[in-house]
Amino acid sequence: LLLLCYTEEAAVIVSGLKNTDVFVGESATFTCELSYPGMKNVQWWLDGSPLHNNFVTEISEQDGMIHTLTLNDVACHDSGTVTFRAGSLISSAKLLVKGISLLE
């Protein structure tokens, strides 16, 4: 009988953040899946600034392993690098917010 014990130290990122392009006023969603539930010190950043749950920034987790960040009603100045960190694990992706051209 083989017993497998998973610890926080052995946790890995199963599925990391993906680069996302959206238009001004849309929502941008980033998801990171971990191999271990209940990780401590989970934090999201946008260009080095920590993000917190509010009406514009929605932070959630499912089953303790799937962590989701949704940025609502984005503006051009929200373009930058989104970073997810859980313990020593880090995943980053680019957010590009595109303006709507009036020249079409």
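The values are calculated or read from the model by the stated rules, or taken from the named source; none is laboratory data. Nothing here was measured: the structure is a model prediction, and the numbers come from that model. Here the Cβ positions follow ideal geometry from the backbone for every residue, glycine too, while neighbour counts run over all protein chains shown. Accessible surface is based on the protein model in full, side chains and every heavy atom, while ligands, DNA and RNA are left aside. Shrake-Rupley method; radii C 1.70, N 1.55, O 1.52, S 1.80 Å.
For segment 46-66, the set of residues classified as closer than 26 Å to GLY99 by Cβ, open to solvent by 70 Å² or more (accessible area, probe 1.4 Å) and not in a loop (DSSP other than H, G, I, E, B) consists of GLU58 only.
Hey, can you tell me all the residues within segment 14-35 that are assigned to a loop (DSSP other than H, G, I, E, B) and either open to solvent by less than 70 Å² (accessible area, probe 1.4 Å) or under 11 Å from LEU89 (Cβ atoms) (or both)?
GLY16, LEU17, VAL24, GLY25, SER27, SER35
For segment 7-29, a residue qualifies if it is in contact with a Phe, Trp or Tyr (Cβ under 7 Å, 6 or more places away or on another chain) and under 24 Å from GLY99 (Cα atoms), and the qualifying residues are LEU17, THR20.
Residue count for segment 67-104, restricted to those that are part of a strand (DSSP E or B), of a type outside the set (A, V, I, L, M, F, W, C) and closer than 16 Å to GLY25 by Cβ: 2.
When segment 67-89 is limited to residues that are hydrophobic (A, V, I, L, M, F, W, C) and over 10 Å from the mean Cα position of the chain (by Cα), the one that is surrounded by the fewest Cβ atoms within 10 Å (Cβ to Cβ) turns out to be CYS76.
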